[in-house]
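The block underneath contains the structure these notes are about, expressed in structure tokens.
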Amino acid sequence: MKLSAQIDTQRLRKDFPMLSKMMHGKSLIYFDSAATAQKPTAVIDAISNFYRDHYGTVHRAVYQLALRSTEDYQKTRQKVRAFLHAARDEEIIFTRGTTESINLVAYSFGKAFVKPGDEILISAMEHHSNIVPWQILCEDRGAILKVIPMNEKGELLLEEYAKLLNPRTRLVAVAHVSNSLGTLNPIKQIVAMAHQVGAKVLVDGAQSAPHLLIDVQDLDADFFVFSGHKIMGPTGIGVLYGKAELLDQMPPYQGGGDMIESVSFSKTIYNVLPLKFEAGTPMIAEVMGLGAAIDYIQSIGIDVIHSWESELLSYATTQMEDIPGLKIIGQAPIKGALISFTMEGIHPLDIGTFLDLKGIAIRTGHHCAQPVMHFFNLLATARASFAFYNTKEEIDVFVSSLQSAIRSLK
């Protein structure tokens, strides 16, 4: 059976209120899911119902509303553990997003394990959120930041990576899927190589968690991070997975309520995992929305999602390659469902503006990946990114509009 018969895109699209909207008199075509995904009614309702019908705080009271909120909050942690195939619930830390998760590790792992002269490795294709925290760490701890190079296709050079690894390497931080190029990196191999020299690995899963089956135990990742809003959940909620033996050795990232066992003016005893890293009143409603998003994705099947998005990527790539003057930036053979591109003689901002007037939402700019732009001697690209709620018919309209853009803007 062909994959297109296995996913009822038209039925699924009805679950997303935004996808029925009109923009500039045109039906919205949303090709910016790599930035943030649209939300199904199930997620919207979960948040609304929580605030309207059973709002209460967590971990702090014995009345019924608080008990139910705490129970539902912990159920979402269990859902995330299962979603990532982690070993234990306490290895799942709730944060505000991928960025905060990375900053937490940079601060806490760095404080516990990084000394002057140690080395941190990142890749040449990282998002700013997986660059700047490590720069801050290296400056603070007297460590050295090194970069794994890539080639013109947007593939990491693993032979060069092997040369960079040494006993001083403390941590490797690398994107699972590049947000600017789409490259799917060989994370399992990257992790195994790092472990051979005793280094730990953080995987930025912001672009992979919504689209791929994630098994952190199979990958043997020491840390894995992602954002709720990219997997159909709300903004303001993210996840840090960390191996329990590492998290136990790391100091708290923030101080306050919930992260303590006892406090006196002379000494504070910290709480056990995961609460040690969740100071203050948490993002309760956002956690409820995240749980609903995971339920929704699981109801479709991550394998079905990945297969359909791969089909969309192949379909769009084939058509775009035939457009004169269009160049795809990032041509690794294995990619996530996004295409960054330039058009000869036309600024990406103009492309984005033209398409917006056609009701088509794409991303333009440096995608928070300025070193990638510098590598390709660019200031910006246009980027179309797909999700399971997109269709080939939308791609046809998109490609036709690109061709109109060339005729109108040149």
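Where a number appears in this text, it was derived from the coordinates with a stated rule and is not lab data. Just so it is clear, the model here is predicted, and its values are computed rather than measured. So basically every Cβ, Gly included, is an ideal-geometry build from the backbone, and we count neighbours across all protein chains shown.
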Practice item. For every helix of n ≥ 4 consecutive DSSP H residues, a contribution of -39,500 (n - 2.57) applies; sum these over the chain, divide by its total residues, and give [θ] at 222 nm rounded to the nearest 500 deg cm²/dmol. Key: -12000 deg cm²/dmol
Study note, to complete from the structure: In degrees, nearest 10, the alpha-carbon axis of helix 187-196 is tilted away from the dominant principal axis of the alpha carbons of the chain by 40 degrees
Check your understanding: How far is helix 41-53 tilted, in degrees, relative to the longest principal axis of the Cα atoms in the chain, given as a value from 0 to 90 rounded to the nearest 10?
Key -> 40 degrees
Review point. So how tilted is helix 392-409 from the main axis of the chain? Cα-based, degrees 0 to 90, rounded to 10.
Key: 60 degrees
Review point. Ranked highest first by the average count of other Cβ atoms within 10 Å around their residues, in what order do 360-366, 156-162, 121-127 fall?
Key: 121-127, 360-366, 156-162
Revision key, fill the gap. Taking every other residue with Cβ under 15 Å from the Cβ of Lys26 and scoring Lys and Arg +1, Asp and Glu -1, one gets -2
Point to revise | Per residue convex hull volume, Cα atoms of the chain, in Å³ | key: 148 Å³
Review point. With a sphere of radius 11 Å drawn around the Cβ of Val43, what net charge do the other residues whose Cβ falls strictly inside it have (Lys, Arg +1; Asp, Glu -1)?
Key: -3
Practice item. Quote the relative contact order of the chain in percent (integer), defining contacts as alpha-carbon pairs under 8 Å separated by 6+ residues. Key: 22 percent
Practice item. Could you tell me the distance between the Cα centroids of the range 299-334 and the range 172-223, to the nearest Å? Key: 21 Å
Check your understanding: By the scheme Lys and Arg +1, Asp and Glu -1, what is the net charge of all other residues having a beta-carbon under 15 Å from that of Ala316?
Key -> -3
**Study point:** Karplus-derived HN-Hα couplings along the range 91-96 (A = 6.51, B = -1.76, C = 1.60, θ = phi - 60°), whole Hz, x at Gly and Pro
**Key:** 7, 9, 10, 7, 10, 8
Exercise for review: Compute the semi-axes of the equivalent ellipsoid of the range 310-406, taking the square root of 5 times each eigenvalue of the Cα gyration tensor, and list them largest first in whole Å.
Suggested key: 19, 16, 13
Check your understanding: With θ set to phi - 60° and the Karplus curve 6.51 cos²θ - 1.76 cosθ + 1.60, what are the ³J(HN,Hα) couplings of the range 279-296 in order, to the nearest whole Hz, using x for Gly and Pro?
Key -> 6, x, 5, x, 7, 5, 4, 5, 5, 4, x, 4, x, 5, 5, 5, 4, 5
Study note, to complete from the structure: Along the range 224-229, Karplus-curve 3J(HN,Hα) (6.51, -1.76, 1.60; θ = phi - 60°) to the nearest Hz, with x for Gly and Pro, reads 9, 10, 7, 10, x, 5
Exercise for review: Hey, can you grab everything whose amide H is under 5 Å from the amide H of Thr183? Only 5+ residues off in sequence or another chain; H modelled, so Pro and N-termini drop out.
Suggested key: Ser178, Gly336
